[in-house]
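Engineer: There's a structure below that I have some questions on.
The values are calculated or read from the model by the stated rules, or taken from the named source; none is laboratory data. Because the structure is a prediction, the values reported are computed rather than measured. All Cβ positions, glycine included, derive from the backbone under ideal geometry; neighbour counts span all protein chains shown.
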Amino acid sequence: MTDRRVELLLGALASVVLLLIVGMVIFVFTKAWPSFANNGLKWFGPGGNVDDQLIDIFNSPANPANYVYKLRAYPLIYGTAITTIGAVVIGLTFALLSAIFIVEFAPPRLRAVLEPVVRLLAAVPSVIYGLIGILVLVPFIGNDLITAEQKKSVAFVVQLSGSSLLVAVVILTVMITPIMIAIIVDALRSVPRSWTEGASALGVNRWRVIWTISVRAARPAIIAAAVLATARALGEAIMLSMVSGSVGFAPNPLDGLTFLFEPTRPLAATIVDNAEGLSVKPFGQTIYAFAAVLLVSSLLLSLSGWAAKQPLKRYGVRA
Amino acid sequence: MSRSHRLLGVCAIAGSVAAFPASASAPARTTISISGSTSVAPLTAKLIRGYLRAFPGSVSFRLAQGGSDVGVADVARGRVTIGDSSRDPKPTDPGGIVFNKIARDAICIATHSSNPVKNLSQAQIQAIFGGRIRNWSQIPGSGVTGTINIVVRTAASGTQDAFDKIFMGSTRVSSSAAQKASNGLVAQAIRSDPNAIGYVSLAFTNGLNDAQYKGVGCTLRNAKSGQYEGTRNFWMVTRGRAIGAARRFIFWINNSRSASAIIANGWVPLR
């Protein structure tokens, strides 16, 4: 195998991957364009009930001149944003503190159990979390946690039945935390020992050493872990469609505690629930529009991850 | 080799690798592929088993679900041989497809087993599912108190289409209803919430309480006699008139006694 032949072959494989991604993006955007064109920027705004609008689009008359496209997807985008941000913020806190415990404070026997268990949890398929959610958490929250007064207080707008924002955020957090723990543990371990030993020699206790030196040095990896977890949370479809409520509703934070119990339905779950309607042309284009929004948000996510690492380069951190 | 030649070679190999999957394989001849309604799927599975018992080794089947609309669209595009549909033909359906009726099915209004609502009139059903009545205290005979949680199907469902036409008429279903993607998920949602009410196909009412509609119980006998009004048709859709193995299968379903016996177990046979 000459060098030239290997270069050609490997270059071809890399190009195929690139062509695939570019092709996929172009395909989704061309299919999604009519939905954006007919709604303009109002597509992203609020206005009316998004489920009713989807039903109207699905029942469009057969004549292409009379296709219905009106959509105001704000409740779906808002639902995606709060479930993802909520899960990542809670998960990152848990992951960072657990990683510090595993690296520094855990007794050796406990560490020997924790590390393989965390990696195992990171590999569990998400639909299993969805089954546990729908069979255990949803009935528990619906029947034992939500009171009848709370259900009555919002009864004229939305129904509270257990599948809610709370279940979605909790299960999403459980799903994304193990992979974050695994990445941060590896990063904390790769901090040069001379740095941490030097600090200990100066009399600093273990907690301050790891917080002020290891965690600061591992910031790029923590950002990478957060970006990876957010990408997984954004794309989670099946599990969220089972447990998050199946209504295109934007939970209202002004409702107090009831805000956590209100149903919602992120974008990926909406795509999964409505994928059967692809055969109706305007409905299919609307679903592709949801997919285009998800593609753009993952692109923005990568960009923000890169941008978050830039200020760290100033201090010589290997970002 | 010069730089530009190398680049050309890389692109050529990349292009040929990418074009390779485009040459799709030809469809198998003796496999009948079926996709479509989640309501028709249990019946189709039983019919397939019966057909293979009657004619072993004649043909092989592949059964998928996805919803009535998926079945109709798949058949129109030639992706499957037969599409299951639990809704009647719509004017917006693609052209060139033929609907073959195979059975009739009842749609039951179901509540949780701890909520033994006996009878619901059409006005009550329209008020509940339309969002005008929102509390169980306004329904006489209910065993629970509190708000009503309505569970419906997504827009593409044939069961939803039939429910809207038969029970709701011109009343629109409330926008706060939870939309589930299949009969099984609706049944699961009702089973886990004592305040829930929804509609499922007769085959999915295990463990749930079905309410009488206009004084007639949702049972197979009432559906057969025509007394229960909430019945709808099951269709097997083919692209053009059915030919070959698909035609023999549908002919067997419509004409053989063993097929009628299988259908009569949970659905209404046509003869």
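Engineer: Please determine, by comparing only the residues of segment B:41-71 that are under 17 Å from B:Arg232 (Cα atoms) and aliphatic (A, V, I, L, M), which one is nearest to the other protein chains (Cβ to nearest Cβ).
Structural biologist: Applying the filter and picking the extreme gives B:Ala41.
Engineer: Additional query: Just to be sure I understand, how many residues within segment B:229-245 are crowded, with 21+ Cβ neighbours inside 10 Å and among the small types (Gly, Ala, Ser)?
Structural biologist: 1
Engineer: Moving on. Test each condition in (1) of a type outside the set (A, V, I, L, M, F, W, C); (2) modelled with pLDDT of 90 or more; (3) surrounded by fewer than 22 Cβ atoms within 10 Å (Cβ to Cβ); (4) not assigned by TED's automatic domain parsing to the domain that holds B:Leu63 for B:Asn100 and report the one that comes out false.
Structural biologist: (4)
Engineer: Tell me, please, whether a residue that is acidic (Asp, Glu) and either in a loop (DSSP other than H, G, I, E, B) or surrounded by fewer than 16 Cβ atoms within 10 Å (Cβ to Cβ) (or both) can be found in segment A:263-282. Show your work before the answer.
Structural biologist: Pass one, segment A:263-282, residues acidic (Asp, Glu): A:273, A:276.
Those left that are additionally either in a loop (DSSP other than H, G, I, E, B) or surrounded by fewer than 16 Cβ atoms within 10 Å (Cβ to Cβ) (or both): none.
There is no residue in segment A:263-282 that is acidic (Asp, Glu) and either in a loop (DSSP other than H, G, I, E, B) or surrounded by fewer than 16 Cβ atoms within 10 Å (Cβ to Cβ) (or both).
Engineer: Another question about this same structure. Kindly provide the set of residues from segment A:39-55 that are within 13 Å of A:Val68 (Cα to Cα) and within 9 Å of chain B (Cβ to nearest Cβ), ordered by number.
Structural biologist: A:Asp52, A:Leu54, A:Ile55
Engineer: How about segment A:119-163: which of its residues are within 11 Å of another protein chain (Cβ to nearest Cβ) and assigned to a loop (DSSP other than H, G, I, E, B)?
Structural biologist: Answer for segment A:119-163, where residues must be within 11 Å of another protein chain (Cβ to nearest Cβ) and assigned to a loop (DSSP other than H, G, I, E, B): A:Ile146, A:Thr147, A:Val154, A:Ala155, A:Phe156, A:Val157, A:Val158, A:Gln159, A:Leu160, A:Ser161, A:Gly162, A:Ser163.
Engineer: Output the residue which, of all residues in segment A:1-60 that are among the basic types (Lys, Arg) and under 26 Å from the mean Cα position of the chain (by Cα), is surrounded by the fewest Cβ atoms within 10 Å (Cβ to Cβ). Write out each step before concluding.
Structural biologist: First, the residues of segment A:1-60 that are among the basic types (Lys, Arg): A:4-5, A:31, A:42.
Checking which are under 26 Å from the mean Cα position of the chain (by Cα) leaves us with A:31, A:42.
Values: A:Lys31: 17, A:Lys42: 14.
Among residues in segment A:1-60 that are among the basic types (Lys, Arg) and under 26 Å from the mean Cα position of the chain (by Cα), the one surrounded by the fewest Cβ atoms within 10 Å (Cβ to Cβ) is A:Lys42.
Engineer: Here is a follow-up. Among the residues of segment B:131-190, count how many are away from chain A (no Cβ under 12 Å) and not in a helix (DSSP H, G or I).
Structural biologist: Summing the residues that are away from chain A (no Cβ under 12 Å) and not in a helix (DSSP H, G or I) in segment B:131-190 gives 8.
Engineer: Limited to segment B:15-38, what total is found for residues that are within 11 Å of another protein chain (Cβ to nearest Cβ) and modelled with pLDDT under 70?
Structural biologist: Result for segment B:15-38: 7.
Engineer: On to the next question. Can you tell me how many residues within segment A:220-250 are within 14 Å of chain B (Cβ to nearest Cβ) and assigned to a helix (DSSP H, G or I)?
Structural biologist: Counting residues in segment A:220-250 that are within 14 Å of chain B (Cβ to nearest Cβ) and assigned to a helix (DSSP H, G or I) gives 6.
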